[in-house]
Every structure is written in C-alpha cells, then in structure tokens.
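These notes concern the structure reproduced below.
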Amino acid sequence: MSKEVTKKPGRTIADFRAAHDKDFIVPQKIRECIAKLGPEGWDYEAQFMKISTPPISTTDLAKYREGFTDFWLEVGGHSKRRVWCGSKGLADKLRAMI
C-alpha cells in the first residue's frame, strides 16, 4: 500500500506582498488602528502607533500619514501633538473645537 503524497502549493504574490511590501503593510496597519479606535474614539499619535501588533514605527507612520489626513489633526501651540480619530466625522468635530 503506497501513501499518497500531497504537494503543498507555493505561496502567492499576495502572500509575498502582505509579508514584505511596506506600501501595503503600513497603510493596512493604519486602517486597522483607525478601526480599533471606533467611530467615536480618538487617541494621541504616540498611543495610536501602539494599537497595532507589532506597533507601527514612527518612521513608517510619518511616511504614510499624509494618506490619512481626514483622520488626524494637530492640537496644541508651541508643542504640537497629533490626534488620530476613528472616523472622519469625529475628526471634523474635533477640528471645529480648536
């Protein structure tokens, strides 16, 4: 009696992209972090980066932040801080307050 050998299929291009392409990985992580905040949630950028596992690096977030301008705003005077929001509507409400 012979055993039938099952050949394991190779990985796909999508698998490679998800593992190595920062132009895909970082924006996906940012979207996940925004979703975790919820539609009425917000947090300062330092904490926002830590929501992701593993955390988003400051370098990566700085490179891709501009693609998400609807979801963050700057607050404070001399020492500005960024606030990330879970929805565009919340970000608009917070912008109206400052």
Q. Lysine pairs in the chain with alpha-carbon atoms under 28 Å apart, 8 or more places apart or on different chains: how many are there?
A. 25
Q.
How much length would be gained if the chain were fully extended between Met97 and Ala35, taking 0.36 nm per residue of separation minus their Cα-Cα distance, in nm to one decimal?
A. 20.0 nm
(Q) What's the magnitude of the charge dipole for region 14-97 around its Cα centre, counting Lys and Arg as +1 and Asp and Glu as -1 at the beta-carbon? Answer in Debye, nearest 20. (A) 180 debye
Q: Among Thr53, Gly10, Ser87, flag the residue with its Cα farthest along the positive direction of the charge dipole of the chain, charges on Cβ as +1 for Lys/Arg and -1 for Asp/Glu.
A: Gly10
Q.
From the convex hull of the Cα coordinates of the chain, what is the mean projected area in square nanometres?
A. 9.0 nm²
Q. Which order results if Lys80, Lys88, Lys8 are arranged by neighbouring Cβ count within 10 Å, fewest first?
A. Lys8, Lys80, Lys88
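Quick note: the coordinates plus some simple rules give every number you see, no bench work behind them. Just so we're clear, the structure is a prediction, and the values are computed from it rather than from any experiment. Cβ atoms come from the backbone with ideal geometry, glycine included; neighbour counts cover every protein chain shown.
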